[in-house]
1. I'd like the full set of residues that are charged (D, E, K, R) and either crowded, with 18+ Cβ neighbours inside 10 Å or modelled with pLDDT under 90 (or both), limited to segment 3-34.
2. Mind counting the residues in segment 194-206 that are out of contact with any helix residue (DSSP H, G or I) (no Cβ under 9 Å at 6 or more places or on another chain) and in contact (Cβ under 8 Å) with a residue 60 or more places away in the chain?
3. Could you please find all residues in segment 280-301 being touching a Ser or Thr at 6+ places or on another chain (Cβ under 9 Å) and of a type in the set (D, E, K, R)?
4. Is segment 295-313 home to any residue that is within 27 Å of S240 (Cα to Cα) and among the polar types (S, T, N, Q)?
5. Is it the case, given these coordinates, that A151 is in a strand (DSSP E or B), among the small types (G, A, S) and modelled with pLDDT of 80 or more?
6. Of all residues in segment 292-316 being among the acidic types (D, E) and surrounded by 12 or more Cβ atoms within 10 Å (Cβ to Cβ), which is modelled with the highest pLDDT?
7. If we keep just the residues of segment 223-259 that are of a type in the set (D, E) and under 30 Å from the mean Cα position of the chain (by Cα), which is surrounded by the fewest Cβ atoms within 10 Å (Cβ to Cβ)?
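The values are calculated or read from the model by the stated rules, or taken from the named source; none is laboratory data. Values in this document were obtained by computation on a predicted structure and should not be read as measured data. Neighbour counts are summed over all protein chains in view; Cβ atoms, including those assigned to glycine, are modelled from backbone coordinates with ideal geometry.
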Amino acid sequence: MPVTNQHNAVPITIRSITKTYGDVYALDEVDLDVKSGEFLTLLGPSGSGKTTLLMVLAGFTRPDHGSVLFGESEVIRMPPHKREVGMVFQNYALFPHMTVAGNIGFPLRLRGVNKNAALERVENALGTVQLGGYGDRRIDQLSGGQMQRVALARAIVFEPRILLYKRQVYVTHDQREALTMSDRVAVINDGKLMQLDSPRQIYDQPASTFVANFIGESTLLPVDHRNGQISYAGNPVDISGSESKNGRFLMLRPERLILLSSNNDSTYNTFQGKVKDIVYQGESFLLYVTLIDGTDVAVRSVSQKDLMAAVPEVGSEIVLGLHPDETVLIPDDNE
């Protein structure tokens, strides 16, 4: 769910926003800053609080307490039509009885923009979303992608300071798109802000087990801390790549693991296991390995001929390697 400021943007300052429904906290003391002009994406599972936060920003939901500043202006008590917020709803919310131009021009009509100026701005918005010449079409004549662009044109035609885009993100490739497009990512769960960081930091150094499990694919292995030494299954672990030296879980990303010829390579942290399954995926393949403690991990590699030829058969003993620079410890969410 992107939140982006437009060319006439102002920073957004969110402080202690709380919203409850009975005993359930939809938002729980959320603090968040959106920089002027940045593209920020809210990620989280269904029911995490993303939609409630967007509704608070747009003015459709009044929080129990807290503050929302657009620039230096408090907007908590300001009605939606005065906030200069554009919003693209997940179902697009287009008017079926209006033409494309009528839908796009509707916000201008509400604001009393004169007809000639409104026509020009509608045409400009159509051009921006690459739908020039579509103004006279009915909504039922459009494809799903075209309707999405009409909804976007309607949201930007009045030049809002802030653009909110509602979209559910569930699967990995959608997360990848969010990480690619965003300046920063805010991960939300159970109404709480779990982490706000750059896409790379969110992926490489998740601040909690929830973020590590929700963003991308990972396996978390419990580690022991004894006498200043960190180990997994009795083997020492070099954590020079981790920012959290006291983390309780070792994060294994499939693309960071490699196959080793022996357990004696001191360059890597090593993990012994047995091949459980091999899944070919076109440009890559997944190797599922059961480690000595019974944990299943995945290893992803490109489908080059020499790499495929080196893959051991199902049931074979195997050694996996993880470079210390990519060895990350994750804090326990309960600590």
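1. We begin by selecting, within segment 3-34, every residue charged (D, E, K, R); these are 15, 19, 23, 28-29, 31, 33.
The answer is K19, and nothing else.
2. The number of residues fulfilling the criteria is 1.
3. The answer is E283, D296, R300.
4. Step one: list which residues in segment 295-313 are within 27 Å of S240 (Cα to Cα), which gives 295-302.
Okay, now just the ones that are also among the polar types (S, T, N, Q), so 295, 301.
Yes - at least one qualifying residue is present in segment 295-313.
5. Numbers: in a strand (DSSP E or B): no; among the small types (G, A, S): yes; modelled with pLDDT of 80 or more: yes.
Taking the combined requirement at face value, the residue does not satisfy it.
6. From segment 292-316, those among the acidic types (D, E) are 293, 296, 306, 313; that's our starting set.
With surrounded by 12 or more Cβ atoms within 10 Å (Cβ to Cβ) added as a condition, the list becomes 293, 296.
Details: D293: 90, D296: 95.
My answer is D296.
7. Step one: list which residues in segment 223-259 are of a type in the set (D, E), which gives 224, 238, 243, 255.
Applying the additional criterion that residues be under 30 Å from the mean Cα position of the chain (by Cα) yields 238, 243, 255.
Details: D238: 16, E243: 12, E255: 14.
Per the stated criteria, the residue is E243.
Let's see how each residue does on (1) more than 30 Å from D33 (Cβ to Cβ); (2) modelled with pLDDT of 90 or more; (3) not in a helix (DSSP H, G or I):
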{"position": "Q90", "(1), (2), (3)": "no, no, yes"}
{"position": "R109", "(1), (2), (3)": "yes, no, no"}
{"position": "A117", "(1), (2), (3)": "yes, yes, no"}
{"position": "E120", "(1), (2), (3)": "yes, yes, no"}
